[in-house]
Amino acid sequence: ISPLSLHDALPLFVLVGGGHAHLTTLSNIRKFIARGHRVTVIGPSPYHYYSGMAPGMISGLYRPQEIRFNIRKMVEDRGGEFVLDRATGIQARSREVLLKSGSRISYDIVSFNIGSRVPRESIAADNGTVITAKPIENLVRGRMAVLDSIKGVSPHNPARLVVVGGGPAGVEISAALWKLAADAGGKTRVILIAGGSLLRNFPRKMHELALNSLKNRGIKVIEGPRVQSTEGGVVSLSDGTALEADHIFLAVGVRATEIFMNTFVPTDEDGGLLVNPYLQSIEFPEIFGAGDCITFLGKDLAKVGVYAVRQNPVLYHNLLAGLERTSLRQFKPGNPDFLVLLNMGDGTGIFRRGEWVWQGRAAFRLKDFIDRRFMKKFQLSGEPNEPMGKV
């Protein structure tokens with residue numbers, strides 16, 4: 001497979017989003033500028049939060065500053081321009097990124113790493129009580145909202161917390177909310193609605209370990225019935241059950257953002273940017289992308305952070321190579337049986353590699369070590385020592 005040919009290299013280089021797959025490129029902005037390329041980074045927030053540590057942040061194990069990257073400072077300290085705005089679309093033929101403010105930013109090469117969204121539309125989510133698991137900033141606010149609820153309840157009327165989603169995120173968020181409430185000394189009722197089955201795409205042993213861990217702490221797990229709606233603070237299930245909730249955490253399967261919809265850029269049916277093995281758009285070679293917002297042509301990759309991390313160095317190489325018309329590298333997804341580590345909120349973790357599954361404190365310590373090592377590599381702006389400020 002050969003990469004698509006690029007037009008003459010020009011200096012307008014734009015990064016949309018500061019996600020996992022852009023971190024190597026962001027940390028090397030000086031190299032792009034030293035070679036004569038102007039670098040602009042567009043993001044809806046000065047920060048990017050690391051999803052792998054978000055449940056630990058909910059529980060209080062990590063401060064929000066410990067799980068985020070100061071993208072704005074990283075860019076500006078290295079001579080790039082940071083634009084605080086949300087990209088809403090792209091004009092591929094005129095090479096412009098459209099922004100929520102109404103502005104447009106031209107590019108010669110652009111790369112998208114804008115993550116994914118949790119779909120609300122299928123269950124008619126009520127914005128007053130529903131907290132989606134993405135963007136991660138929502139969980140920072142959700143944590144504070146739960147603490148406020150715990151302070152205001154009586155022992156006879158505990159705070160009612162419902163988590164929707166039976167995948168790893170739903171399991172970890174449920175466990176984290178239990179820990180948050182336990183440490184705050186408040187009374188809560190945590191219910192996890194797992195859909196068809198808890199961790200249904202994982203080995204049976206993993207399902208059993210997670211289910212027992214949650215139930216042993218009084219977290220109710222509902223398998224089978226599915227959520228029909230979440231209107232007015234009431235979660236309605238397909239079997240007719242109605243659950244009142246003070247806060248509803250939505251952690252169902254993610255989808256690509258809608259930025260590429262209704263454009264000339266080829267996408268899959270969910271709106272993910274279709275890319276070739278070089279992480280290029282299959283039709284517009286000056287458009288690159290990585291992480292949850294893309295779809296490999298002919299390959300079905302799960303929307304999980306491990307692939308964005310693996311794409312990180314390949315995307316960095318290809319963006320610089322694209323600007324300078326040198327050889328691109330193919331991204332090879334690697335073993336699909338990647339390591340999965342769940343933070344169960346009680347000091348233990350669940351380890352899974354292929355069919356090898358076990359639970360214990362060593363599993364959580366391994367997860368904590370891997371996560372902290374990743375943060376240390378890319379927290380280049382003194383993030384852990386920053387004041388909290390705005391989320």
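The values are calculated or read from the model by the stated rules, or taken from the named source; none is laboratory data. This one's a predicted model, so the numbers in the text were calculated from it and none came from an experiment. Heads up, the Cβs are rebuilt from the backbone with ideal geometry, glycines too, and the neighbour counts pull from every protein chain shown. For accessibility, only protein heavy atoms count, side chains too; no ligands or nucleic acids. Shrake-Rupley method; radii C 1.70, N 1.55, O 1.52, S 1.80 Å.
Of the strands (runs of 3 or more DSSP E) lying entirely inside the range 114-229, those containing at least 2 residues that are open to solvent by 20 Å² or more (accessible area, probe 1.4 Å) and at pLDDT below 95 span 188-193, 227-229. Among the residues of the range 72-85, those identified as more than 9 Å from Val41 (Cα to Cα) and either in a loop (DSSP other than H, G, I, E, B) or open to solvent by less than 10 Å² (accessible area, probe 1.4 Å) (or both) are Met74, Arg78, Gly79, Asp85.
Among the residues making up the range 18-46, those that are modelled with pLDDT of 95 or more, buried (at least 22 other Cβ atoms within 10 Å of the Cβ) and not hydrophobic (A, V, I, L, M, F, W, C) are His22, Thr25, Gly43. The selection criterion, being hydrophobic (A, V, I, L, M, F, W, C) and part of a loop (DSSP other than H, G, I, E, B), does not hold for Phe288. Residues of the range 231-245 that are over 14 Å from Leu192 (Cα atoms) and surrounded by 17 or more Cβ atoms within 10 Å (Cβ to Cβ): Gly233 alone. Pairs meeting the criteria (first residue in the range 355-372 and in contact (Cβ under 8 Å) with a residue 40 or more places away in the chain and buried (at least 19 other Cβ atoms within 10 Å of the Cβ), second residue assigned to a helix (DSSP H, G or I) and of a type in the set (A, V, I, L, M), beta carbons under 8 Å, at least 6 apart or on different chains) are Val357/Met206; Val357/Leu209; Gln359/Leu209; Asp371/Met53.
Of all residues in the range 33-43 being within 28 Å of the chain's Cα centre (by Cα) and touching a residue at least 60 places away in the same chain (Cβ under 8 Å), which is farthest from Glu81 (Cα to Cα)? The residue in question is Ile42. Among the residues making up the range 283-302, a single one is open to solvent by 60 Å² or more (accessible area, probe 1.4 Å) and either within 15 Å of Ala21 (Cα to Cα) or modelled with pLDDT of 90 or more (or both): Glu283.
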